[in-house]
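**Q** Pasting in a structure now, in structure tokens, and then I'll have a few things to ask.
The values are calculated or read from the model by the stated rules, or taken from the named source; none is laboratory data. These figures come from a predicted structure and were not determined experimentally. Don't worry about glycine lacking a Cβ; one is built from the backbone with ideal geometry, like all the others, and counts go over all protein chains shown. For the accessible areas, the whole protein counts, side chains as well, though only heavy atoms, and no ligand, DNA or RNA atoms are used. Shrake-Rupley method; radii C 1.70, N 1.55, O 1.52, S 1.80 Å.
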Amino acid sequence: KPCPLCDEAKEVLQPYQRRFILQEVDITLPENSAWYDKYKYDIPVFHLNGKFLMKHRVDIEKFEDQLTKLELQNA
């Protein structure tokens, strides 16, 4: 913290908040050192259902597409 890119990403994802659960991970905490080693230069990073989705900025088309596919798969 602060993380302006993270704040921007959360704002972009706000309209979708009822369709998924956002879990934030502070990669600077010692227990998250594996994430830090992997993504320290790439924040924010997004995983959907445990799979890497995107990094740096929200690609809203990609996000919507993958979220819809996941919802249809779980319907």
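**Q** Got a number for carbon plus sulfur as a percent of segment 4-74's accessible area, 1.4 Å probe?
**A** 50
**Q** Next up: Applying the Karplus parametrisation 6.51 cos²θ - 1.76 cosθ + 1.60 with θ = phi - 60° to the phi angles of segment 67-75, what ³J(HN,Hα) value in whole Hz is obtained for each residue in order, glycine and proline being reported as x?
**A** Taking θ as phi minus 60°, the curve returns 5, 5, 4, 5, 5, 5, 5, 8, 6 Hz for segment 67-75.
**Q** Compute the label zone of residue 70 within segment 1-25: residues whose backbone N is under 19 Å from the point 7 Å along Cα-to-Cβ.
**A** It comes to 6-25, nothing else.
**Q** What is the helix-to-structure angle for 4-13, meaning the angle in degrees between its Cα long axis and the longest Cα principal axis of the chain, kept from 0 to 90 and rounded to the nearest 10?
**A** The two axes meet at around 10 degrees.
**Q** Any chance you could get the radius of gyration and Dmax over the Cα atoms of segment 4-74, in Å?
**A** Reported Rg and Dmax, both Å: 12.6, 37.
**Q** Counting Lys and Arg as +1 and Asp and Glu as -1, what is the net charge of the other residues whose Cβ lies under 15 Å from the Cβ of residue 54?
**A** Cβ neighbours under 15 Å give a net charge of +1.
**Q** Within straight cross-link reach of residue 69, meaning Cα distance under 17 Å, which lysines are found once same-chain residues fewer than 8 apart are removed?
**A** Correct list for residue 69: 51.
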